[in-house]
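One structure, as structure tokens, below. Some questions next.
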Amino acid sequence: MSVTTDLVERIWARDPTVWTGTDEAQWLGWLDEPQRMQEQLDDVLAFANDVVSAGAIDDIVVLGMGGSSLAPEVMRLMFGADHFHVLDSTHPKAIRALESKIDSERTLFLSASKSGTTLETRSHTAYFVERGGQFAAITDPGSDLERFAHEKGFLRVFHGEPTIGGRYSALSPFGIVPAVLMGIDATRLLERAVEMQEACRYAEGNPGLELGLRLGSTTSVGLTSHTDSFGLWMEQLVAESTGKQGKGIVPAPDDPHAELHEDVALPSPYELGQEFFRWEFAVAVAGALLGINPFEQPDVQAAKDKTNAVLATGQDPSLDVEGSIDGLLEQARDGDYVCVQAFVDPSEATQQRIAELVRRLRLRTSLPVTHGLGPRYLHSTGQLHKGGPNTGLFLQVVDDQGDELPIPGQKFGFARLIRAQAYGDYESLKERGRRVARIRLEDI
């Protein structure tokens with residue numbers, strides 16, 4: 001039996017020794033999730049039909065972070081769902097901008113958190129509950145969010161599968177419930193996923209295995225197409241799964257300097273069903289080759305703990321300029337990458353300014369340059385930044401958060417929250433000996 005044949009068979013046999021022999025077997029529910037969702041789909045469709053036919057909903061908003069928001073965001077972009085929105089920023093200007101686009105009382109809010117305790121999601125939920133509208137939740141059974149949903153009379157609580165981690169949840173209720181509410185033909189999407197699932201059972205002609213073998217032998221991966229949308233989801237899957245124990249694959253979806261470039265050719269947006277599963281399987285294979293547990297995220301908690309510690313002091317953290325772009329790049333070594341961490345208003349205009357900064361950095365260096373919006377990236381690529389190899393040059397960008405926006409039930413508002421998140425992550429990086437600098441948006 002070949003090594004690859006043995007690897008595929010052991011993954012499907014749920015053998016944790018494929019990786020580190022610890023708790024991996026408890027996190028392999030994604031292997032069967034397409035079929036489980038097919039069985040649950042009638043219930044989701046009935047809920048969506050009831051909501052739409054009632055004629056009281058104009059917009060749908062997902063309140064989620066990381067694995068709970070990125071698959072819906074990719075599908076929103078790919079399918080052009082104009083009435084669908086994803087809120088995964090704590091920046092007051094982002095929240096106010098969303099409010100200006102919707103009538104809260106004619107909006108369905110989907111509060112999505114696997115643990116049910118995600119600070120950003122719970123803060124967003126508390127904020128909009130006070131403004132009316134209809135609510136549903138997606139969370140694991142028995143979570144604090146489920147209890148809150150029952151207390152507040154949410155229309156429905158959809159249960160996630162407890163044996164699936166957040167970044168592997170694209171084909172679970174965290175992805176499929178939003179897909180149905182966007183008007184996507186989820187039956188077709190899941191059928192494509194099942195086709196890929198079956199192809200990933202073979203030792204020969206296995207698309208997930210072949211991609212995984214390539215990923216496992218590279219230091220960075222980019223995409224040759226669909227980088228603006230699919231790359232958002234690919235980044236968090238690859239970085240959070242592989243970036244630990246000083247190892248990791250740097251995802252740089254739109255960067256020509258990435259070592260490996262993969263084509264994600266989607267003749268139809270429905271091919272997302274295939275691609276979600278192909279990449280999930282591939283990253284599991286890459287994790288085996290790297291000798292790490294791809295289903296844990298030990299360093300994601302570090303920035304959360306720092307944020308909570310800062311908030312607990314009651315003090316407002318200072319985000320002073322520290323270092324410079326020139327000083328940061330002077331520390332570059334072969335094999336490094338540059339990461340722009342933008343805790344800024346995620347408006348289109350601001351993102352264009354960040355994109356221009358990234359473009360200029362790429363002209364100055366032959367290193368891969370990645371970028372992420374804070375606090376979103378803390379739930380995904382932040383694991384690689386702190387747990388992966390010390391090859392990152394981290395440039396934090398901050399802006400003026402504007403007037404404070406109170407969070408019901410909290411002693412802090414959204415402006416202080418995002419400042420605490422930026423401060424906490426910066427300090428976590430410094431504690432790990434990472435090379436960092438902080439600049440202000442108006443100075444770029």
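The values are calculated or read from the model by the stated rules, or taken from the named source; none is laboratory data. Not measured: the values here are computed from a predicted model. Using ideal geometry, Cβ is built from the backbone for each residue, glycine included, and neighbour counts are taken over all protein chains shown. Ligands, DNA and RNA are excluded from the accessible area calculation, which covers all protein heavy atoms including side chains. Shrake-Rupley method; radii C 1.70, N 1.55, O 1.52, S 1.80 Å.
Select from the range 206-228 the residues that are in a loop (DSSP other than H, G, I, E, B) and modelled with pLDDT of 95 or more and write down the one among them that is nearest to Gly273 (Cα to Cα). So that I can check it myself, show each step before the final result.
As a first pass, look at the range 206-228 and keep what is in a loop (DSSP other than H, G, I, E, B): 206, 216-219, 224-228.
Okay, now just the ones that are also modelled with pLDDT of 95 or more, so 206, 216-219.
Details: Asn206: 16, Gly216: 23, Ser217: 25, Thr218: 25, Thr219: 26 Å.
Looking at the filtered set, the residue picked out is Asn206.
In this structure, does Arg156 turn out to be farther than 15 Å from Val61 by Cβ, basic (Lys, Arg) and within 22 Å of the chain's Cα centre (by Cα)? Step through it out loud before you land on a result.
Numbers: farther than 15 Å from Val61 by Cβ: yes; basic (Lys, Arg): yes; within 22 Å of the chain's Cα centre (by Cα): no.
Spelling it out, it is not the case that Arg156 is farther than 15 Å from Val61 by Cβ, basic (Lys, Arg) and within 22 Å of the chain's Cα centre (by Cα).
Let me spell it out: the conditions are (1) in contact with a helix residue (DSSP H, G or I) (Cβ under 8 Å, 6 or more places away or on another chain); (2) surrounded by fewer than 20 Cβ atoms within 10 Å (Cβ to Cβ), and Ser241 meets all of them except one. Which number is the exception?
The number of the failed condition is (2).
Here is a check on your reading of the model: is Thr90 open to solvent by less than 10 Å² (accessible area, probe 1.4 Å), touching a helix residue (DSSP H, G or I) at 6+ places or on another chain (Cβ under 9 Å) and over 27 Å from Gly231 (Cα atoms)? Explain how you work it out, then say what you get.
Values: open to solvent by less than 10 Å² (accessible area, probe 1.4 Å): yes; touching a helix residue (DSSP H, G or I) at 6+ places or on another chain (Cβ under 9 Å): yes; over 27 Å from Gly231 (Cα atoms): no.
No.
Which residues, counting only those in the range 165-213, are touching a residue at least 40 places away in the same chain (Cβ under 8 Å) and touching a Pro at 6+ places or on another chain (Cβ under 6 Å)?
Leu171, Pro178, Leu190, Ala193, Val194, Gln197
One line per residue, one yes/no per condition, for (1) without any contact (Cβ under 8 Å) to a residue 40 or more places away in the chain; (2) more than 22 Å from Ala303 (Cα to Cα); (3) under 20 Å from the mean Cα position of the chain (by Cα):
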position: Phe230; (1), (2), (3): no, yes, yes
position: Gln236; (1), (2), (3): no, no, yes
position: Glu240; (1), (2), (3): no, no, yes
position: Gly243; (1), (2), (3): no, no, yes
position: Gly246; (1), (2), (3): no, no, no
position: Val250; (1), (2), (3): no, no, yes
position: Glu259; (1), (2), (3): no, yes, no
position: Ala265; (1), (2), (3): no, yes, no
position: Pro269; (1), (2), (3): no, yes, yes
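Something else about it: Residues that are over 27 Å from Asp228 (Cβ atoms) and under 23 Å from the mean Cα position of the chain (by Cα): does the range 369-376 have at least one?
Of the range 369-376, the ones over 27 Å from Asp228 (Cβ atoms) are none.
No, every residue in the range 369-376 fails to be over 27 Å from Asp228 (Cβ atoms) and under 23 Å from the mean Cα position of the chain (by Cα).
What number goes with the only condition from (1) aliphatic (A, V, I, L, M); (2) under 24 Å from the mean Cα position of the chain (by Cα); (3) open to solvent by 10 Å² or more (accessible area, probe 1.4 Å) that Val61 does not pass?
(3)
Let me ask something else about it. Name every residue in the range 5-15 that is out of contact with any Ser or Thr (no Cβ under 9 Å at 6 or more places or on another chain), open to solvent by 40 Å² or more (accessible area, probe 1.4 Å) and not in a loop (DSSP other than H, G, I, E, B), in order of residue number.
Asp6, Glu9
Residues are listed down the side, and each one gets a yes or a no for (1) more than 25 Å from Glu356 (Cβ to Cβ); (2) of a type outside the set (A, V, I, L, M); (3) in a loop (DSSP other than H, G, I, E, B); (4) open to solvent by less than 60 Å² (accessible area, probe 1.4 Å):
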site	(1), (2), (3), (4)
Leu237	yes, no, no, yes
Pro253	no, yes, yes, yes
His261	no, yes, no, no
Tyr270	yes, yes, no, yes
Trp279	yes, yes, no, yes
Ala282	yes, no, no, yes
Asn293	yes, yes, yes, yes
Lys304	yes, yes, no, no
Gln315	yes, yes, yes, no
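For the range 386-398, check the following and say yes or no: at least one residue is open to solvent by less than 30 Å² (accessible area, probe 1.4 Å), assigned to a helix (DSSP H, G or I) and within 15 Å of Pro251 (Cα to Cα).
Looking through the range 386-398, at least one residue is open to solvent by less than 30 Å² (accessible area, probe 1.4 Å), assigned to a helix (DSSP H, G or I) and within 15 Å of Pro251 (Cα to Cα).
Still on this structure, I have one more. Gln352 fails exactly one of the following numbered conditions: (1) touching a residue at least 12 places away in the same chain (Cβ under 8 Å); (2) over 29 Å from Ala312 (Cβ atoms). What is the number of that condition?
Only one criterion is unmet by Gln352, namely (1).
Per-residue answers, yes or no, for (1) free of Cβ contacts under 8 Å to residues at least 60 places away in the same chain; (2) part of a loop (DSSP other than H, G, I, E, B); (3) open to solvent by 40 Å² or more (accessible area, probe 1.4 Å); (4) of a type in the set (A, V, I, L, M, F, W, C):
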residue: Lys411; (1), (2), (3), (4): no, yes, yes, no
residue: Arg416; (1), (2), (3), (4): no, no, no, no
residue: Arg419; (1), (2), (3), (4): no, no, yes, no
residue: Gly424; (1), (2), (3), (4): no, no, no, no
residue: Leu429; (1), (2), (3), (4): yes, no, no, yes
residue: Gly433; (1), (2), (3), (4): yes, yes, yes, no
residue: Arg438; (1), (2), (3), (4): no, no, no, no
residue: Glu442; (1), (2), (3), (4): yes, no, yes, no
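Additional query: Quick one: which residue in Val44, Val51 is touching a residue at least 24 places away in the same chain (Cβ under 8 Å), in a helix (DSSP H, G or I), open to solvent by less than 10 Å² (accessible area, probe 1.4 Å) and aliphatic (A, V, I, L, M)?
Working: Val51 fails: open to solvent by less than 10 Å² (accessible area, probe 1.4 Å).
The unique qualifying residue is Val44.
Pick from the range 16-35 the residues that are assigned to a helix (DSSP H, G or I) and among the aromatic types (Phe, Trp, Tyr): which of them is nearest to Gln274 (Cα to Cα)? Write out each step before concluding.
Going residue by residue through the range 16-35, those that are assigned to a helix (DSSP H, G or I) are 16-18, 24-27, 29-31, 33-35.
Filter once more, keeping what is among the aromatic types (Phe, Trp, Tyr): 27, 30.
Values: Trp27: 20, Trp30: 13 Å.
Step by step, filter the range 16-35, then rank; the result is Trp30.
What pairs can you find where one residue is in the range 382-407 and over 26 Å from Gly67 (Cβ atoms) and of a type in the set (Gly, Ala, Ser), the other is open to solvent by less than 10 Å² (accessible area, probe 1.4 Å) and in a helix (DSSP H, G or I), and their Cβ atoms are less than 9 Å apart, with a gap of 6+ or different chains?
If the second residue must be open to solvent by less than 10 Å² (accessible area, probe 1.4 Å) and in a helix (DSSP H, G or I), the pairs left are Gly402/Pro92; Gly402/Ala415.
On to the next question. Mind listing whichever residues of the range 144-178 are under 20 Å from Thr125 (Cβ atoms), part of a loop (DSSP other than H, G, I, E, B) and open to solvent by 10 Å² or more (accessible area, probe 1.4 Å)?
Passing the criteria: Gly153, Phe154, Leu155.
Shifting gears a bit: Take Ala170 and decide whether it is at pLDDT below 95 and touching a helix residue (DSSP H, G or I) at 6+ places or on another chain (Cβ under 8 Å). Steps first, answer last, please.
Working: at pLDDT below 95: no; touching a helix residue (DSSP H, G or I) at 6+ places or on another chain (Cβ under 8 Å): yes.
No; evaluated as a whole, the condition is false for this residue.
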